[in-house]
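Data block below; observations after.
Values in this text are rule-based calculations from the coordinates and carry no lab data. This structure is a prediction, so every number in the text was calculated from the model and none was measured. Neighbour counts run over all protein chains shown; Cβ positions are idealised from the backbone, glycine included.
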Amino acid sequence: MAKRILLTIAAMFSAALLFAQTGGVKGTVINRNGRQGVEKAKLVLLKDAATIGTTVSDKDGEFVFRGLPDGMYSLVVTAPDFLETQIDFAVVDGLVKNLFNVGLTSIQHVTDLDDDSFAAFDMDDSGFNDNPTILFGSNDVFNNIAGYNFSSVRFRARGYASESQEVYLAGVKLNDAITGYGPFSLWSGLNEATRSKDTVNGAEFADFGFGGYNGATNIFGTASQMRKGLRGSVLTNSTLYRLRLMGSYATGMQDNGWAFAVNVSARLGGNDWIDGVYYKSLAYYLAADKVFDDANMLSFVFFATPGERGAQNASTQEVYDLMGDNMYNSNWGYQGGKVRNARVRKTNEPIAFVKWEYKPSEEFESNLTLLYRFGKNGYTALDWYDAQDPRPDYYRNLPSYFYGTVGGVYNDDLNRNNPMKYGWSQWVWQHSGQYPELTHINWDRLYNVNYLQGGRSKYIQEQRHVDQSDLNMAYSFKYRPLANVDVAGGLSARINNTEYYKKVADLLGGEYFVDVDNFAEREFAATPYKLQNDLDYYLANGQARTLHEGDKYGYDYMAKVRSFGGWVTGTTVLGKLSIAAGGRLGYESFWREGLMRKGLFPGQPENDAMAAQWINEGIEPTAETSYGKSNVAKFITYAGKLNLNYVIGGNRRMYANVGYFSDAPKFNQVFLSPRTRNSMVQDLKTVKTFSSDVNWQYSAQGINVRATAYYTTIKDQSKVMSAFDDLQNAFSNFALSGINQRHMGVELGFKFPTYIIPDLSLQGVVAYGQYVYTSNPVMTQTVDNNAEIIQYPIISPDGWTNSTVVPVRYWAQTNLMDGTKKQHYVPTTPQTAISLGLAWNHNYWFIDGDVEYFDRAYLDMNPLYRTDYAVAGLDNAITNEEIEYMTEQERFAPAVLFNISVGKSWFIQRKYQLGFSFNGKNLLNNRSVKTGGYEQTRLVDNTVSKERFYRFDPKYFYMAGTNYMLNIYFRF
Amino acid sequence: MKKIIVILAAAAALVSCRSLIEEWQPVLGDPKPSAQYVPYTDSNLPPNSPAIGSYKTIKELKTLYKGTPLSVSGNVWIKGKVISSDVTGNIYREVYIQDETGGIDLKLGKSSLYSEYALGQTLYVYCDDLTLGAYNGMPQLGLAADETSSNEYETSYIDLQTIIDQHVFKGEVGTPIAPEVVDEAKVKAAISAGFTGELWGKLVTIKGLKYGNQIFALVYPNPNLPHKSANPENRVFLSESTWGIKTWSLSKAKYIEMLDSGALDQAEVGSGATRYGPGSVCFVVRKALTGTAQESRIEAFGMDADLTYKEVMKKYATANYVSHYFKLGSTDIQVRTSGYAKFADQVLDAGLLSGGKSADITGIMTIYSGAAQFTLVDAPETSVKVY
């Protein structure tokens, strides 16, 4: 018996030796879109740059090369409609190397979407925000089509806020620590360096992080992940910047174990549609990878995108109509005959990271990244002290200020009817070419006002800074303990210190500015210490600080965020069914730390000497303080997800996700007036989200289909809106809490051959959702120049009473007194979005033509209009007419757009590739498509009747008319 | 030839791009500081401005007014030096200019006008299409009145920049005009002359004023509700004594302080014949609404009906005008000060209040319903000399 066993072992050993002499490589070529096998992919095997074999994948995408001696090899995989992929591998000890899945990425015919794809909307002083979601498309048929075609209307997948989309860089979740917004602007212009990425949709699991409910993307960002070779491109477009020059070079992983990559670009110039919007931006990226052995690789990356871009402002429809141009931008004017934009974002926020990849075996791999973001992020704006509002479209400069209409009909209640002024105002705006000094910012006037003051500037250009120091650590691992079990997990930690301040950017011809709060001066002129932005300086020097260019002033505080957490997921495959489950647990805390003691909110004296000085100077301590550390907001966060995936016949699958998330609110959603004091929203709660989706996917023989149904509820959200109110002459802060939403709908994406014309496919997407508010939040209003919380009359069970906690009774719905109800919707994104088109690909030509339809997009609402007070008016009598008028939410008109994309590439001497892509959008030149906007948060209350209120006109952003992008590129 | 065509086509494509030159301006460096405006003179007319026809003196202009608003037509100009400033906040949305014959209130309906028009700066005013009118007897130059049902004024503000640009031209900044010292006889003469009185709108110094021991202020308990004479329930008069007010005016904070002190508790509510004094249910410390027939009109206070007047006044507190009465011989001079003035809460000199001292004051002389009014331009430490 023992002999038999020994013989058997010997035979097995001999067989292994025999096999070792015929090493090889095998794997399965798969489409990253759906992960189905790709048939007839061409695989070229290289050794030392010489071709030593070719093969094609079988019907399941599988391939194998045998008889390979030990050594390093390269495998180049090509297939129609897919990007070429190269994999380097080693054959060791005569074994057959199993590459498992070799993912191919669908060719994307258009320039990658990034932050540049979206105009910078200037909403800083409006109380609202607009941060686009970027759908990364290449591995999903829905995202692939919707990502580009819907970007022009700032489409948000499933109606979710952009901050719910998780964006990772090298495994580090990099959503902004303060706001949660996507950090895309940090690498805009570095398209080549950030092209390689992994994306999951909805609540799907990712292996680089736990992910949320609105998809997650991980940009690899390392040198060896960049496409090998030298590339260059010249791009021009007509909506954002005139010229983009880009170059990149990547060595790929070299025999010496090093890989290097560099990517540089410049985006320059203005555009055809929005005057004053321009780019003057550079971008650079340097990276190196070093493989130490089979198990360890270190990556070093440093990049930044220093530059500036002019922003676009929203105006009322009255202004657009008078100008005959829905793209009018009130942010700019002529200075000495040259264009100057008052609102320019100036940034230079470098990122450096080190990543350690450790892969000791086929079953285990891990990544550890240490990432640091730092630098400056400034946004200029005009500031003025005791001078006239310089904005050309200020409401007192418009015809409507002199002729009051409601719904287009003159209304005497508004007490505005002066035909002469109305006529002249209308004339000026309708003949803006003759009156550039009145219909744009009149820089020359601002300078001349300053010249008249004998040194002290009345107008300056300030620069509001949000400078981050953001240190992140992320660790993740993947482990396959059993053939059908995968475990992934990770840890993360973040230390974010962000300084908010503003500085004098330009004295506009004056010699100095003075650091006093001109908002406070209106109410406390007789109490000089209350006007001080920097009380400590005032007390030390007996006067307010005299400011010169570069000096900080106004406000200065730190937002400090600390978070850490961990996650783990497990996946098991049971035949055709795979089950994944996972959880996340974390802790997040944040606080404000005031660096400047403001006269209105000095707080308490810190010592006896200070107390004595305050008594001497008549300074009254306050309960609220602008200086020092606030209370710390602390949250335990957690989440759980479950995924079921059933593969049907190899090319179809059904899968479903369900998840529950309890997340901390963000700093900017919690502090009532961080510019002035430490006060926070009361009764802070975590945001609770339940999300579920069920999906069906088919991918084979050129057919790709995904259909999804989803249902999500989001509860206990809070929000702080700070809007400049010139009636109060101060920033008003509206804090909302208890906002609940429900998002449900269906998504369909498809692409399949027409079978009539070769290489012609029919493609399309349908996104139909219902994104609604399901609760009425409560509102608390504060004003920056006053410690009081504003009281409003509210209807209580005892009748009208005054309250600082104001129910926003008409937020979720308009409830008329006769029982009629009208739903209010989550704003901005179209809730119906459809695209249908044809795509033709042949011999490196592509032509895509699509028609899009958008509907059910809604305007962002302000809470004030939905309160008892606003609806009732001054007489406290509520009528159906008042409710209907005041609480109405505007629905944007539907829009139809036509887009076309054409491209071709040529191979020259089998070595170089030259090509172009041309994208023409909105070919019907539809110039009436609203892409965003907001209601102004203030009431017309100076009526004759003193019975009711009226609304200020809302402000809008519009989409550009016919526009193009032409990209010419070469590669070798 | 082919190259030339290509170059020409490329050039044509470039220049056809909308505003191609302009769109590169912000990219290619910062613009230079703007040039200083060239002051306007008789011989240096800005482009597109009307040629000067004939000047009238301010006095001549005033004589055109015949009791109803006058729309000036024709190439008529006045010019004068700026004598007012809104830097202290006591003058709002108006500029007074003065020539050798008098001064006039130019209703430039903008805020912070001192930033635009310096003291001593000559302004050239093209009067065509402007309206000369009166506000309770005070001459004003503005635009045609609003055509609203509630309008009470003969003129409206010149608050549209294009109209200002067409009518008001900035000249040299010269030496500010020195105030004219006026005596009681001159004041009386001006009062009897009415609208054309020489002093109205002029920078003057009145010497030897004695405090008159009374003030006048009209405050609206809820300024958001109707408060005209037809709404006596929403008017509180402070008159015929000083009500303990020792400051030039009442800022919002000072007003609340005065209410809290109880100094205003006995103030009357109402107007004209409809007044409610301490003997009535309806004065400051009593309920706004009692349910009695007499006071039913005050139901307009709505949800605040259960509050006392004092509570309503505190709830809707704003800054308020105060007129202090002074005596120039036997003539009353009201010095009227805005609650938004930066010196609103400055206390009058104690000796002045007690009658032991006199004062010389400098400011703009105006007329209000046949009485002389006075507006301080500068803060009292500059414009009021107590001795």
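Annotations for the structure displayed:
- Prolate/oblate/rounded label for the stretch A:354-478 (Cα gyration tensor, a/c 1.5): prolate
- Placing unit charges on the Cβ atoms only, positive for Lys and Arg and negative for Asp and Glu, gives the protein assembly as shown a dipole magnitude near 3300 debye about its Cα centre.
- If R0 equals 22 Å, the separation of the Cβ atoms of residue A:746 and residue A:644 corresponds to a calculated FRET efficiency of about 0.70.
- Each Cα pair under 8 Å and six or more residues apart adds its separation to the average, and for chain B the resulting relative contact order is 16 percent.
- Length-normalised contact order of chain A in % [C-alpha pairs under 8 Å, at least 6 apart]: 9
- Cβ-based exposure ranking for A:343, A:891, in which fewest neighbours within 10 Å come first: A:891, A:343
- Label separation (residue A:890 vs residue A:815): 2.7 nm, computed from points 7 Å beyond Cα along the C-beta direction.
- Between the amide H of residue A:214 and those of A:166, distances stay under 5 Å, these residues lying 5 or more places away or on another chain, with hydrogens modeled in the peptide plane.
- One chain, two ends: residue A:611 and residue A:358. Fully extended at 0.36 nm per residue, the span grows by 85.2 nm beyond their Cα-Cα distance.
- Principal axis box of the protein assembly as shown, alpha-carbon based, largest edge first, Å: 139, 80, 64
- Counted over the protein assembly as shown, the DSSP beta bridges are approximately 95% antiparallel.
- Label reach from residue A:230 (point 7 Å along Cα→C-beta): in the stretch A:248-275, amide nitrogens under 12 Å belong to A:248-250.
- Cα-based shape type of the stretch A:668-790, given that a ≥ b ≥ c are square roots of the gyration tensor eigenvalues and the cut on a/c is 1.5: prolate
- Cut-off under 5 Å, modelled amide H: who pairs with residue A:931 long-range: A:957, A:958, A:959
- Gyration tensor (alpha-carbon) shape descriptor, the stretch B:131-214, a/c threshold 1.5: oblate
- Neighbour counts of other Cβ atoms within 10 Å put A:567, A:811, A:427 in the fewest-to-most order A:427, A:567, A:811.
- Residues A:514, A:406 in ascending order of nearby Cβ atoms (within 10 Å, fewest first): A:406, A:514.
- Put a plus charge on the Cβ of each Lys and Arg, a minus charge on the Cβ of each Asp and Glu, and nothing anywhere else: the dipole of chain B about its Cα centre is then about 200 debye.
- Using the Cβ-Cβ distance between residue A:564 and residue B:360 with R0 set to 41 Å, the FRET efficiency works out to roughly 0.05.
- Only lysines eight or more places from residue A:346 in sequence, or on another chain, were considered; those with a Cα closer than 18 Å are A:280, A:376, A:502, A:503, A:552.
- Rounded to the nearest 0.05, the FRET efficiency derived from the C-beta distance between residue A:770 and residue A:701 at R0 = 41 Å is 0.75.
- Restricting the stretch A:594-653 to GluC sites (Glu not before Pro) in coil, as DSSP defines it, with at most 11 other Cβ within 10 Å: A:606
- A simple spin-label model places pseudo-atoms 7 Å from Cα toward Cβ; at residue A:802 and residue B:246 they are separated by 2.9 nm.
- Mean residue ellipticity (222 nm) of chain A, computed from DSSP H runs ≥ 4 via -39,500 (n - 2.57), nearest 500: -3000 deg cm²/dmol
- Filtered GluC sites (Glu not before Pro), the stretch A:330-377: DSSP coil and at most 12 other beta carbons within 10 Å: A:362
- Extension gain, residue B:59 back to residue B:385 (0.36 nm per residue minus Cα-Cα distance, nm): 114.4 nm
- Enclosing the Cα atoms of the stretch B:2-173 in their convex hull gives a volume equal to 205 cubic angstrom per residue.
- Given 15 as the ceiling on other Cβ atoms within 10 Å, longest exposed-site-free region of chain B for GluC sites (Glu not before Pro) in DSSP loops: B:241-387
- Under-5 Å amide H pairs with residue A:296, H placed in peptide plane, nonlocal only: A:359
- In this label model, residue A:623 and residue A:493 are separated by 3.8 nm, measuring between points 7 Å along each Cα→Cβ vector.
- Computed on the stretch A:268-339, with alpha-carbon pairs under 8 angstrom and 6+ residues apart, the relative contact order is 31 percent.
- The stretch A:782-854 and the stretch A:454-519: distance between their alpha carbon centers, rounded to Å: 28
- Available extension along the chain between residue A:908 and residue A:843 is 22.0 nm, counting 0.36 nm per residue and deducting the alpha carbon span.
- Residues in the stretch A:156-161 carry Karplus couplings, in order, of 10, 4, 6, x, 6, 5 Hz; the curve used is 6.51 cos²θ - 1.76 cosθ + 1.60 with θ = phi - 60°, and Gly or Pro positions show x.
- For the stretch B:216-226, putting each phi into the Karplus relation 6.51 cos²θ - 1.76 cosθ + 1.60 with θ = phi - 60° gives couplings of 9, 8, 10, 10, 9, x, 10, x, 6, 9, x Hz, in residue order, rounded to whole numbers and with x for Gly and Pro.
- The string of couplings for the stretch A:390-406 from the Karplus curve (6.51, -1.76, 1.60, θ = phi - 60°) is x, 6, x, 9, 3, 4, 6, 9, 9, x, 5, 6, 10, 8, x, 10, 10 Hz, one whole number per residue in order, with x for Gly and Pro.
- For the stretch A:248-320 versus the stretch B:33-73, the spacing of their alpha-carbon centroids is 58 Å.
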